[in-house]
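Inspection log for the structure reproduced underneath, given as structure tokens.
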Amino acid sequence: FDEVITIPVVVHVVNYKPDPFTISDEKIKSQIYVLNQDFRKKNPDHLKTPDEFSHLVADVGIEFYLATKDPNGNATTGIVRTETDRKLEEDDVFFTEKGGQDAWPSDKYLNIWIRDVKDRNGNLAFLGSAQFPGGDPRTDGIIVEVSVFGTLPPLAPRYNLGRTATHEIGHWLNLFHIYGEHGSCEKGDLVDDTPNQKSDYVGNPTHPQKSCNSNDMFMNFMDKVDDQSMYMFTIGQKRRIRDLFNPDGLRRKL
Ligand code: ARG
Ligand code: ZN
Ligand code: CA
């Protein structure tokens, strides 16, 4: 039995005033709920895992909650909203002085930045991104597009179950895509119990799909399928994540 690790979260809602979006506190909370299902093996859909992989499905043992204290020790909802007139480019979202919002200390909080990154036709150009452990604390956390965050509207089709944040937090917790490098059976994800896989899957594949001489675990949160088709982390991924919290791990202070 592993101790449950709890991580305070701050959500930075960075809104572009000329073309504002709305995201309710409830929509943000619906995402926290999904994370606490997916990282605790409480998501009912993990039962869809094919028999050959079901013994590998892990309760990662990590829980998330909206921060109740800000870095100065004052009460907070864990949600900070700003509006900007500036068109954000590159890393601007991470910096208050550039129209974004400064990170809270990344050794104490998971920083999540929410923004609208749709193109001018309203198409999704970006779902999310993440920084791996050990990087610049000022940009440490994840970014998620508003229409794939949580399970309440407005939501984009295919990415409506909050799994983009689950996937990005997987990266933030040191997980690579399960296929490792595109087009390679050799360059894997440094996790033993995820089968070698040649490249990513998208959409909603049906099991079995085969590459690199074995059936692929495309239903893993670290593949690229639609939200409804990803529903498990493995025990090996859990070990890799939890190593970060050992006395010499990169996220030990959280
Ligand atoms: N493309 C992004 C990444 O690799 C996110 C993929 C999320 N997939 C999903 N079904 N929500 O980090
Ligand atoms: Zn990814
Ligand atoms: Ca592997």
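The values are calculated or read from the model by the stated rules, or taken from the named source; none is laboratory data. Predicted model only: the values in this text are computed from it and were never measured. As a convention, Cβ positions derive from the backbone with ideal geometry for all residues, glycine included, and neighbour counts pool all protein chains shown. Note: accessible area is taken over every heavy atom of the protein model, side chains too, but ligands, DNA and RNA are not part of it. Shrake-Rupley method; radii C 1.70, N 1.55, O 1.52, S 1.80 Å.
Taking a straight line from the alpha carbon of LYS210, these aspartates and glutamates sit under 18 Å away, with near neighbours fewer than eight places off in the same chain left out: ASP51, GLU52, GLU181, GLU186, ASP189, ASP192, ASP193, ASP200, ASP223.
Go ahead and estimate [θ] at 222 nm for the chain from helices alone: -39,500 (n - 2.57) per DSSP H run with n ≥ 4, summed, over the residue count, rounded to 500.
-4000 deg cm²/dmol
Along the axis of the charge dipole computed for the range 22-139 (Cβ charges of +1 for Lys and Arg, -1 for Asp and Glu, origin at the Cα centre), the listed residues PRO137, LEU124, ILE62 are led at the positive end by ILE62. Solvent-accessible area assigned to carbon and sulfur over the chain amounts to 48 percent, based on a 1.4 Å probe. For the range 204-220, putting each phi into the Karplus relation 6.51 cos²θ - 1.76 cosθ + 1.60 with θ = phi - 60° gives couplings of 10, x, 10, 6, x, 10, 10, 7, 6, 6, 8, 5, 8, 9, 5, 7, 6 Hz, in residue order, rounded to whole numbers and with x for Gly and Pro.
Only the Cβ atoms of Lys and Arg (+1) and of Asp and Glu (-1) were treated as charged; on that basis the dipole of the chain about its Cα centre amounts to roughly 360 debye. In the range 85-175, the alpha-carbon atoms span a convex hull of 104 Å³ per residue. Based on every Cα atom in the chain, Rg and the maximum pairwise Cα distance Dmax equal 17.9, 55 Å.
In whole percent, what relative contact order does the chain give with Cα contacts below 8 Å and a gap of six or more residues? Could you put the intermediate results ahead of the total?
Details: 520 pairs, mean separation 50.9, N = 254.
Reported relative contact order: 20 percent.
When ligands, DNA and RNA are left out and all protein chains stay put, how many square angstrom of accessible area per residue does the chain have with a 1.4 Å probe? So the chain comes to 48 Å² accessible per residue, rounded to a whole number. Taking 19 Å as the cut-off, the amide N atoms of the range 34-58 that come nearer than this to a point 7 Å along the Cα-to-beta-carbon line of ASP192 belong to 53-58. Annotation: amide H-H contacts under 5 Å for ASP189 (H modelled 1.01 Å from N, sequence separation of 5 or more, or interchain): GLY180. In this structure, the amide hydrogen of LEU66, modeled 1.01 Å from its nitrogen in the peptide plane, lies closer than 5 angstrom to those of VAL9, counting only residues at least 5 positions away or on a different chain.
Determine the gain in length on full extension of the stretch VAL202-TYR33; use 0.36 nm per residue of separation and subtract their C-alpha separation, reporting nm with one decimal.
Details: separation 169, 0.36 × 169 = 60.84 nm, distance 2.47 nm.
Stretched fully, the VAL202-TYR33 segment lengthens by 58.4 nm.
Can you give the Rg to Rh ratio for the range 26-86, taking only C-alpha atoms and Rh from Kirkwood?
In the range 26-86, Rg relative to Rh is 1.18.
For the pair TYR65 and GLU83 in one chain, pulling the backbone fully straight at 0.36 nm per residue adds 4.1 nm over the alpha carbon distance. Working from label points 7 Å from Cα in the Cα-to-Cβ sense, the ASP91 to ASN246 distance is 3.0 nm. Working note: Karplus 6.51/-1.76/1.60 with θ = phi - 60° gives the range 46-56 the couplings 4, 5, 7, 4, x, 3, 5, 10, 5, 6, 9 Hz, where Gly and Pro are set to x.
With θ set to phi - 60°, apply the Karplus curve 6.51 cos²θ - 1.76 cosθ + 1.60 along the range 109-114 and write out the HN-Hα couplings as whole Hz, x wherever there is a Gly or Pro. Per-residue couplings from phi come out as 9, 8, 8, 10, 9, 10 Hz.
Taking each pair of distinct Cα atoms in the range 185-254 once, what is the resulting Kirkwood hydrodynamic radius in Å? Don't skip to the end; give the middle numbers.
Values: mean 1/r = 0.0752 Å⁻¹.
So the Kirkwood estimate lands at 13.3 Å.
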